[in-house]
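The structure appears below as structure tokens.
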Amino acid sequence: MNNCKKMLCVVGMLIFGVLDLGHAEPVKIGLNYPQTGPYSVQGKAQLDAAHMAVEEINAQGGILGRTIKLVAKDTQSKPDVSTQNVLELIDKENCEMIFGGSSSAVAIAGGKAAKSRDKLYFGTLTYSNSTTDTEGHKYMFRECYNAYMGAKALGKYLLDMKLQGIKYFYITADYTWGKTTEESIRAFSLTTDTKRHRRHYVPFPGATDKDLSTALTWAKAVKPAVLVLVLFGNDMSRTLAMLQERDMKDLFKLIVVPNLTLGMAKEAGAEAMEGVLGALPWAWNVPYKYDYPQGKKFVEKFSERYNSYPSTSAASAYTILYQYKEAVERAGTFDSKKLIAALEGHTFVSLKDEQQWRAFDHQALQTVYAVRGKPADEVRRINSSRIILKFSIRWMDKKQHALRNSG
């Protein structure tokens with residue numbers, strides 16, 4: 001009888017042990033993204049892709065047997081809001097990792113807040129060199145390319161077009177991304193002389209139509225051959241639309257937008273985008289052009305689920321969640337310091353070709369694509385704004401310039 005009781009006790013312990021394991025607490029991951037503000041289109045893409053990745057990972061058993069619970073907060077593209085969001089996501093929601101941001105100022109602020117709590121922060125769309133340079137630290141990882149990398153690809157294209165020696169004019173968002181992007185474009189286009197190649201700053205966030213109109217008035221007065229719009233999101237698409245409405249596009253030999261996304265191109269419209277030169281780290285047709293199987297699966301599933309093609313912003317959020325999952329599984333823990341070691345120098349393939357988390361600054365080394373807007377007639381003929389961009393060059397330099405190691 002005693003033996004039976006002991007056996008029942010052991011069986012009960014085993015059953016309850018299995019039940020406890022099956023009901024392990026979800027691991028919370030925070031998305032710090034722009035639900036509102038000038039980058040809201042990019043923010044929605046991040047949220048949509050994050051939901052899809054979480055659903056897939058949970059269906060596979062989660063991370064170390066724990067399902068993911070996504071907790072999202074709106075940054076409004078404001079650094080102070082970003083800081084508060086991250087602290088609340090960690091202190092109140094107990095999130096193990098934070099990712100997101102479609103503004104470098106927001107990502108930098110969020111990254112510092114995460115560092116103060118010994119948690120990792122993965123930047124999605126944060127192109128400022130400063131993110132992993134002067135403002136970088138061991139808890140910050142950037143999945144997209146930086147301004148230097150994009151500018152080097154565009155600079156090669158600009159010089160190949162023999163556009164050196166002519167006048168440029170820069171309209172630049174007045175914050176860290178705008179300034180470091182302009183600096184990088186100037187370096188590779190040989191336009192560092194600010195007296196000859198002038199600039200006009202517009203506020204960020206909160207640029208009004210009047211601000212953008214004033215900038216275009218200056219551009220018209222200066223009469224440059226090349227107009228460089230160091231703007232992003234709704235600010236960029238509004239400015240391009242204004243150029244089209246005012247019949248100003250023909251005043252310039254070339255219009256350059258250093259960082260493009262599909263959402264921005266669609267908002268601006270085919271006529272406004274025609275001939276515009278830009279760079280991006282990924283687009284929905286990259287996997288088909290270069291035959292990347294995982295990328296194709298992502299595009300098809302996202303398109304079916306949301307009835308739209310995924311953008312760079314979506315691809316970045318999706319990639320980050322899988323990179324975090326794999327790092328935790330390699331390390332066998334959620335401990336931040338051990339995850340940093342598991343990520344540094346790690347090479348991976350996600351939605352395009354090979355990428356690598358550069359060990360000393362956590363910048364993801366990767367291919368950069370230079371693109372130009374297709375002729376509007378061609379876009380109208382195929383009746384699809386999703387084919388609005390064509391690829392001009394594909395560039396990757398594994399020995400990309402090493403910016404200062406900020407520790």
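For the reader, a short list of remarks on this structure follows.
- Residues of region 61-110 satisfying the condition of being more than 19 Å from the chain's Cα centre (by Cα), among the small types (Gly, Ala, Ser) and either under 19 Å from LEU47 (Cα atoms) or surrounded by 22 or more Cβ atoms within 10 Å (Cβ to Cβ) (or both): GLY62
- Count of residues meeting criterion [more than 16 Å from GLN294 (Cβ to Cβ) and part of a helix (DSSP H, G or I)] in region 313-339: 11
- Residues of region 299-312 that are out of contact with any Cys (no Cβ under 9 Å at 6 or more places or on another chain) and in a helix (DSSP H, G or I): VAL299, GLU300, LYS301, PHE302, SER303, GLU304, ARG305, TYR306.
- Condition met for LYS253 (within 30 Å of VAL230 (Cβ to Cβ) and either in the same structural domain as VAL222 (by TED's automatic domain parsing) or at pLDDT 95 or above (or both)): yes
- Restricting ALA272, ALA279, ALA265 to those that are in contact with a helix residue (DSSP H, G or I) (Cβ under 7 Å, 6 or more places away or on another chain), of a type in the set (Gly, Ala, Ser) and not in a helix (DSSP H, G or I) reduces the list to ALA279.
- The set of residues in region 315-333 that are among the charged types (D, E, K, R), touching a residue at least 60 places away in the same chain (Cβ under 8 Å) and under 19 Å from THR124 (Cβ atoms) contains only LYS325.
- Meets criteria (outside the structural domain of GLY101 (by TED's automatic domain parsing) and either modelled with pLDDT of 95 or more or over 26 Å from VAL27 (Cβ atoms) (or both)) for GLY278: yes
- The single residue among THR172, THR134, THR124, THR176 that is surrounded by fewer than 24 Cβ atoms within 10 Å (Cβ to Cβ), touching an Asp or Glu at 6+ places or on another chain (Cβ under 9 Å) and not charged (D, E, K, R) turns out to be THR172.
- Residue in region 165-182 that is in contact with a Phe, Trp or Tyr (Cβ under 9 Å, 6 or more places away or on another chain), of a type in the set (Asp, Glu) and part of a helix (DSSP H, G or I) present: yes
The values are calculated or read from the model by the stated rules, or taken from the named source; none is laboratory data. Worth saying up front: this structure is predicted, and the values here are computed from it rather than measured. Reconstructed Cβ throughout: ideal geometry from the backbone, glycine too, with neighbour counts over all protein chains shown.
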